[in-house]
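The values are calculated or read from the model by the stated rules, or taken from the named source; none is laboratory data. No experiment lies behind these values; they were computed from the predicted model shown. Every residue, glycine among them, receives a Cβ derived from its backbone with ideal geometry; neighbour counts consider all protein chains shown.
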Amino acid sequence: MEGNTFKLIDDLSFYINQNEITIFTKDTKVRDFLIADPYKVVVDFKKVNSYATRTLDFKKAPFVSATLGDHDDFYRIAILLDGHYRYDIEAFKGGYIIKLK
């Protein structure tokens with residue numbers, strides 16, 4: 001179980017279970033979308049703090065890595081995928097779950 005848990009920063013971590021990735025955060029999602037070439041699920045969160053850009057490697061298919069980027073009014077998490085997928089995202093107390101299809 002521990003091999004599937006990844007910590008990016010103190011208040012932001014991930015748990016991978018097959019085709020699902022859980023983002024543990026107390027921050028509010030602003031928007032989410034998919035981009036191609038390479039395929040990424042992008043999730044923007046309301047900014048509470050400023051963060052330096054950093055990347056966390058997962059290497060747990062279908063999830064390759066997550067990159068945290070800081071913007072003016074929000075911060076962004078871009079989750080790199082190993083191929084073309086559609087996804088659903090749902091909120092729960094403590095974060096968000098992204099399910100790839």
Filtered residue count, region 29-60, keeping only those that are within 12 Å of the chain's Cα centre (by Cα) and without any contact (Cβ under 8 Å) to a residue 12 or more places away in the chain: 2
Count - residues of region 1-27 that are out of contact with any strand residue (DSSP E or B) (no Cβ under 7 Å at 6 or more places or on another chain), closer than 18 Å to Ala91 by Cβ and assigned to a loop (DSSP other than H, G, I, E, B): 2
Tyr51 being touching a Leu at 6+ places or on another chain (Cβ under 7 Å) and over 18 Å from Lys99 (Cβ atoms): yes
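Rundown of residues vs (1) more than 18 Å from Thr5 (Cβ to Cβ); (2) out of contact with any helix residue (DSSP H, G or I) (no Cβ under 8 Å at 6 or more places or on another chain); (3) buried (at least 18 other Cβ atoms within 10 Å of the Cβ); (4) of a type outside the set (A, V, I, L, M, F, W, C), yes/no style:
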position	(1), (2), (3), (4)
Ile23	no, yes, yes, no
Lys47	yes, yes, no, yes
Ser50	yes, yes, no, yes
Lys60	no, no, no, yes
Asp72	yes, yes, no, yes
Arg86	yes, yes, no, yes
Subset of region 1-26 [free of Cβ contacts under 8 Å to residues at least 24 places away in the same chain and within 12 Å of Tyr96 (Cα to Cα)]: Ser13, Tyr15
Residue check, Phe33 among the aromatic types (Phe, Trp, Tyr) and surrounded by fewer than 16 Cβ atoms within 10 Å (Cβ to Cβ): yes
Selection within region 28-65 - outside any loop (DSSP other than H, G, I, E, B) and acidic (Asp, Glu): Asp32, Asp44, Asp57
Residue, farthest from Glu20 (Cα to Cα), within region 66-101, restricted to residues that are among the basic types (Lys, Arg) and in a strand (DSSP E or B): Arg76
Matching residues, region 1-12, being surrounded by fewer than 18 Cβ atoms within 10 Å (Cβ to Cβ) and either at pLDDT 95 or above or farther than 15 Å from Tyr51 by Cβ (or both): Met1, Glu2, Gly3, Asn4, Thr5
